[in-house]
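Scroll down for the structure; my scribbles are underneath it.
The values are calculated or read from the model by the stated rules, or taken from the named source; none is laboratory data. Computed from a predicted model, the values in this text were never measured in an experiment. Note that we place each Cβ from the backbone using ideal geometry, even for glycine, and neighbour counts take in every protein chain shown. Each accessible area value is taken on the protein alone, full model and side chains, heavy atoms only, with ligands, DNA and RNA left out. Shrake-Rupley method; radii C 1.70, N 1.55, O 1.52, S 1.80 Å.
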Amino acid sequence: MFKTDHQMERVRSSLVRQEIRIKNQEEKKHRKENKKFAKRLQSIKEQEKAKEKKKNLAAISKWKEEIKRKGDQAVDLDDIIAKEKKGTGRKNAFVKRGTGKGGPRLSFN
């Protein structure tokens, strides 16, 4: 059975609208995933920053106590902070794995 040109035009336009709708939904899904990933990455960075601040404050308080005990013969603050930083073995919070359709994928260590 043959269909008229008008009918085929309507079919084609509905297929195009459907493809556009699917594409928009996929883009929206990717944006939502990227937003979640960015939030998670930001929270990890904030946690690491808080840990670093806590270590530095502890090092400063140690240094102050050492100055009270030893006076001028106390170790420099930079040396104490360097010792504290030496103990951390993890440099990066994430590692780049590869790129795919959705962009670079990052993996948390």
message: Scan segment 63-72 and tell me whether some residue there is touching a Leu at 6+ places or on another chain (Cβ under 7 Å) and under 19 Å from residue 86 (Cα atoms).
response: yes
message: Can you say whether residue 76 is at pLDDT 75 or above, loosely packed, with under 10 Cβ neighbours inside 10 Å and not aliphatic (A, V, I, L, M), as far as the supplied structure shows?
response: no
query: Regarding residue 90, is this residue in a strand (DSSP E or B) and either at pLDDT 90 or above or open to solvent by 100 Å² or more (accessible area, probe 1.4 Å) (or both)?
result: no
